[in-house]
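The values are calculated or read from the model by the stated rules, or taken from the named source; none is laboratory data. Just so it is clear, the model here is predicted, and its values are computed rather than measured. Neighbour counts run over all protein chains shown; Cβ positions are idealised from the backbone, glycine included.
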Amino acid sequence: MIIYNKLVRDKIPQIIESSGKQAEIRVLDDAEYKRMLNIMLQEELDEFIEAGEDEKIPELADLVEVVYAILEHKGISIEEFERIRKEKKEKRGEFGERLLLVKVE
């Protein structure tokens, strides 16, 4: 037996059980879900940073999936999020020029 106590994607219990194992699950309340999403966001970020070049994009997809779950939990559509992102990009720019702010005097 392995104890995980980890937020997982919706189909993971079925995948586990189709392999002949038994998964114990429970549904989180709002406060637990928010906390676990934040933990998962950090875990996915760490996995992205540590991944080799061939695994970067799949790890980035996992990270985005957690972001989408956070948005849904907060009642914000992807379209609204994109509007906010584009507004911020318009006001503050993006990262395309690879600028490193060294210091300000």
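For this structure, a couple of remarks:
- Residue list for the range 76-88, filter: among the charged types (D, E, K, R), surrounded by 10 or more Cβ atoms within 10 Å (Cβ to Cβ) and under 18 Å from V64 (Cα atoms): E80, E82, R83, R85, K86
- Residues in the range 74-105 that are of a type in the set (A, V, I, L, M, F, W, C) and in a loop (DSSP other than H, G, I, E, B) were compared, and the one that is nearest to the chain's Cα centre (by Cα) is I76.
- Test: residue in the range 32-50 that is modelled with pLDDT of 95 or more, charged (D, E, K, R), under 15 Å from R9 (Cα atoms) and exposed (fewer than 10 other Cβ atoms within 10 Å of the Cβ): no
- Yes/no for I70 being in contact (Cβ under 8 Å) with a residue 12 or more places away in the chain and either farther than 26 Å from I2 by Cα or in contact with a Cys (Cβ under 9 Å, 6 or more places away or on another chain) (or both): yes
- Selection of the range 1-54 for residues being touching a residue at least 40 places away in the same chain (Cβ under 8 Å) and touching a helix residue (DSSP H, G or I) at 6+ places or on another chain (Cβ under 7 Å) yields only Y33.
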